[in-house]
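Contents: one structure, followed by commentary.
No lab work stands behind these numbers, since they all come straight from the coordinates. Just so we're clear, the structure is a prediction, and the values are computed from it rather than from any experiment. Here Cβ is always computed from backbone atoms with ideal geometry, including for glycine, and neighbour counts include all displayed protein chains.
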Amino acid sequence: MTEIANKAEYLSGQMLIAMPGMPDPRFSKTVIYLCAHNDEGAMGLVVNREMEELTFPDLLEQLEIDPPNAKDQIRVLAGGPVEAARGFVLHSADYLQEATMLVNEEVGLTATIDILRAIATGEGPRKCLLALGYAGWGPGQLDTEIKENGWLHVEADSKLLFEGDLDAKWQRAMEKIGIDPRMLSDEAGHA
């Protein structure tokens with residue numbers, strides 16, 4: 001019984017929403033999908049910040065992948081400040097390979113060149129996003145940041161995760177939990 005109760009505290013598969021007063025500018029108004037959260041720490045991908053200087057075809061060219069119909073199928077996101085040159089594809093669970101980590105029954109995470117080839121040739125997952133880098137927390141660090149009013153969290157859904165205007169995703173995530181961000185203080189500990 002204790003094991004189940006402890007697991008309920010972990011937020012894998014949920015979305016973090018940066019509070020308006022987020023002191024770290026790298027995470028201001030971000031929405032992060034948590035791929036893993038356990039007693040060893042947490043790892044997630046920022047899902048609402050596009051990399052303006054890199055497109056999917058550019059990335060394929062850099063990796064010397066030359067698919068027959070290369071087009072800009074997906075946006076390249078800035079997934080976080082850790083290992084910013086490493087790519088991660090967050091995707092629907094209809095695409096699985098040996099290297100895929102299933103976050104839950106609906107979402108997988110794959111970090112191989114094979115998935116990029118599959119996406120480029122139209123054989124990849126039905127829904128996906130590509131992020132370079134990730135956000136990471138050590139043991140207990142994320143829990144402390146949540147307690148200190150740095151983050152809110154909300155149940156992830158496919159539409160919020162994979163669809164819509166990136167610039168509006170933070171607002172949509174706040175609305176999903178019934179919060180008007182204009183009503184929140186941007187200073188922790190103040191009403």
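For region 32-139, rounded, prolate or oblate, judged on the Cα gyration tensor with a ≥ b ≥ c (square roots of eigenvalues), a/c < 1.5 rounded, else prolate if a/b > b/c?
In terms of gyration-tensor shape, oblate.
The residue 114 and residue 50 beta-carbon pair, evaluated with R₀ = 25 Å, returns a calculated FRET efficiency of approximately 0.55.
May I ask you to list the trypsin sites (Lys or Arg not before Pro) in region 111-191 that are in a DSSP loop and have at most 15 other Cβ atoms within 10 Å of their Cβ?
126
Think of region 2-180 as a dipole: +1 on every Lys or Arg Cβ, -1 on every Asp or Glu Cβ, centred on the Cα centre; then among 51, 151, 21, 21 lies furthest on the positive end. Spin-label pair residue 99-residue 38: with each label point 7 Å from Cα along the Cα-Cβ axis, the two points sit 2.1 nm from one another. Across the chain, C-alpha contacts under 8 Å between residues 6 or more apart give a mean separation that, scaled by the residue count, equals a relative contact order of 28 percent.
Please give the contour-minus-distance gain from residue 166 to residue 123: 0.36 nm per residue of separation, less the Cα-Cα distance, rounded to one decimal in nm.
13.0 nm
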